[in-house]
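Report on one structure; see the data block that follows.
The values are calculated or read from the model by the stated rules, or taken from the named source; none is laboratory data. Please read all numbers here as calculations on a predicted model, not as lab measurements. Virtual Cβ from ideal backbone geometry, glycine too; neighbours counted across all protein chains shown.
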Amino acid sequence: MFSKETYMARRAKLKQTIGSGLLLFLGNDESGMNYADNTYHFRQDSTFLYFFGLPYAGLSAIIDIDNDKEIIFGDELTIDAIVWMGTQPTLKEKSEAAGIKEVRPFKEIETYLKNAQQKGQPIHYLPTYRAEHQIKLFQWLGIVPGAEKPSVPFIMGVVNQRNYKSEEEIAEIEKACIVTADMHLTAMRTVRPGIRESDVAAAVAEVAFANNYQLSFPIIATINGQTLHNHDHSHMIKSGDMLLLDAGAETEMGYAGDMSSTIPADSKFTTRQKDIYDIQVAAHEAAVAALRPGIPFVDVYELSCKVIMEGLKDLGFVKGDPMEAVKAGAHAMFMPCGLGHMMGLDVHDMENLGELWVGYNGEPKSTQFGRKSQRLAIPLEPGFVHTVEPGIYFIPELIDMWKADKKFADFINYDKVDTYKNFGGIRNEEDYLITETGARRLGKKIPLTPEEVEEIR
């Protein structure tokens, strides 16, 4: 945890922003893998962590602005829990570490909320993402699952605080990014023909666990890089393959790193691989060079897409004006994903609160295929932490569908694209902090250019 003063200041700012009413924070419970007592690794709700810092299951909290109360609701460990889990500080001691003086038994939260309802006091809550949250809202407030109406002022209040990383948060993210870089460096030294994707995933995970960190998301380690979030690790790596690794570490306090690498199975890229890889690197470097306060990130996205289309035109995959192709949406044949996303206590920071609020300030998103997957569009500001991850993918099913429909035939040379249906995909990803004057890479540098990758191979 940070100091209690940090959490007290965060809550004070939120109360000032919202002004009145009652703020309900739903903590997470343990979740059984296949029966109740065999649980997944516990992860606290990130907004609960941000304002209270308590990484413990079975807690919820209320900030009653109107009555100037901050209350943690939970129960002390039973002797049975202590026997199995060991001695812990009392709930009161845990809460005091976050600057909370009032602790009540968990069952009392229902009475407190229903009393507030009867008085007509506004009760603000955030979007749910777990069934347990929906059940609690139904039990406590009579809100039928699926009929929730999260508070927009509450959402925006949280977003407008969590978007701007403090110095202590940046230091914590930096720790995550350093270990994340080590995970990727380990993979680059591990990949070779004759081992399985699972061998690489195991080596990568070991680095995180050896630092007493968790994974910030399930490891992507695949020779089928055209599948953007491929979590299958069953394939044997063969000569001529490329392995796409997307992996990150999460610190003990819950802050994330997120990086991607594309690694040849052999000591060097083939000419065919390098031709495409060079274009992806050019798009990456152009995006990084453009990072600065005030630039809309959607403009950086379009710049990287333009560079990709220019490079592919030089190789005969694309025809016509590259920028016009981007505006029309033809680039999504090769880059159907976004350029990056916010990162912090969540690897996709505050995704549960909605991309519309986090990445678009409430403005409508594009519905265009490819462009709609861009999670961040707003002008960049000092304190923002986000990823940069352009990619080039050859997806057989997408190629076949668009070719059959003659979609963007003025921009795409399908005869050439057809010959690359077995190519796979390429992505390289780094994490950046926006500063007053530009941007700074977080964590140690990992190899990016073909030459840098081959040197470590």
Checklist outcome for this item: Of the listed residues (Ile395, Ile399, Ile456, Ile426), the one being touching a helix residue (DSSP H, G or I) at 6+ places or on another chain (Cβ under 6 Å), under 21 Å from Pro322 (Cβ atoms), surrounded by fewer than 22 Cβ atoms within 10 Å (Cβ to Cβ) and touching a residue at least 40 places away in the same chain (Cβ under 8 Å) is Ile399
Item to check | Sole exception among (1) in a loop (DSSP other than H, G, I, E, B); (2) surrounded by fewer than 20 Cβ atoms within 10 Å (Cβ to Cβ); (3) under 25 Å from the mean Cα position of the chain (by Cα) for Lys372, by number | outcome: (1)
Checklist entry - Restricting attention to segment 344-381, which residues are farther than 18 Å from Ala287 by Cβ and among the aliphatic types (A, V, I, L, M)? => result Leu345, Val347, Met350, Leu353, Leu356, Val358
Checklist entry - Restricting attention to segment 291-299, does a residue exist that is surrounded by fewer than 19 Cβ atoms within 10 Å (Cβ to Cβ), touching a strand residue (DSSP E or B) at 6+ places or on another chain (Cβ under 8 Å), at pLDDT 95 or above and among the basic types (Lys, Arg)? => result yes
Item to check | Scope segment 13-35; condition of a type in the set (D, E, K, R) and either outside any loop (DSSP other than H, G, I, E, B) or without any contact (Cβ under 8 Å) to a residue 60 or more places away in the chain (or both); matching residues | outcome: Lys13, Lys15, Glu30
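With respect to Phe334, is the statement that it is under 19 Å from the mean Cα position of the chain (by Cα), touching a residue at least 60 places away in the same chain (Cβ under 8 Å) and on the phi < 0 side of the Ramachandran plot true?
On the way: under 19 Å from the mean Cα position of the chain (by Cα): no; touching a residue at least 60 places away in the same chain (Cβ under 8 Å): yes; on the phi < 0 side of the Ramachandran plot: yes.
Taking the combined requirement at face value, the residue does not satisfy it.
Quick check on this structure: which one of Phe209, Phe217 is assigned to a helix (DSSP H, G or I), of a type in the set (Phe, Trp, Tyr) and either over 21 Å from the mean Cα position of the chain (by Cα) or surrounded by fewer than 18 Cβ atoms within 10 Å (Cβ to Cβ) (or both)?
Numbers: Phe217 fails: assigned to a helix (DSSP H, G or I).
Of the residues listed, the single one that is assigned to a helix (DSSP H, G or I), of a type in the set (Phe, Trp, Tyr) and either over 21 Å from the mean Cα position of the chain (by Cα) or surrounded by fewer than 18 Cβ atoms within 10 Å (Cβ to Cβ) (or both) is Phe209.
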Checklist outcome for this item: The lone condition Asn422 fails out of (1) part of a loop (DSSP other than H, G, I, E, B); (2) under 30 Å from Tyr164 (Cα atoms) is (2)
Checklist outcome for this item: Residue count, segment 1-28, condition surrounded by 22 or more Cβ atoms within 10 Å (Cβ to Cβ) and either modelled with pLDDT under 95 or of a type in the set (S, T, N, Q) (or both), comes to 1
Checklist entry - In segment 47-95, which residues are over 22 Å from Ala9 (Cβ atoms), aromatic (Phe, Trp, Tyr) and surrounded by 15 or more Cβ atoms within 10 Å (Cβ to Cβ)? => result Phe73
Item to check | Failed criterion for Gly257 (all others in (1) closer than 29 Å to Asn211 by Cβ; (2) crowded, with 23+ Cβ neighbours inside 10 Å; (3) out of contact with any helix residue (DSSP H, G or I) (no Cβ under 6 Å at 6 or more places or on another chain); (4) not acidic (Asp, Glu) hold) | outcome: (3)
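Pick from segment 56-104 the residues that are in a helix (DSSP H, G or I) and β-branched (Val, Ile, Thr): which of them is farthest from Phe25 (Cα to Cα)?
Among residues in segment 56-104 that are in a helix (DSSP H, G or I) and β-branched (Val, Ile, Thr), the one farthest from Phe25 (Cα to Cα) is Val83.
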Next on the checklist: Testing Tyr164 on (1) among the aromatic types (Phe, Trp, Tyr); (2) surrounded by fewer than 21 Cβ atoms within 10 Å (Cβ to Cβ); (3) closer than 23 Å to Ile446 by Cβ, one condition comes back false. Which one is that?
Outcome noted: (3)
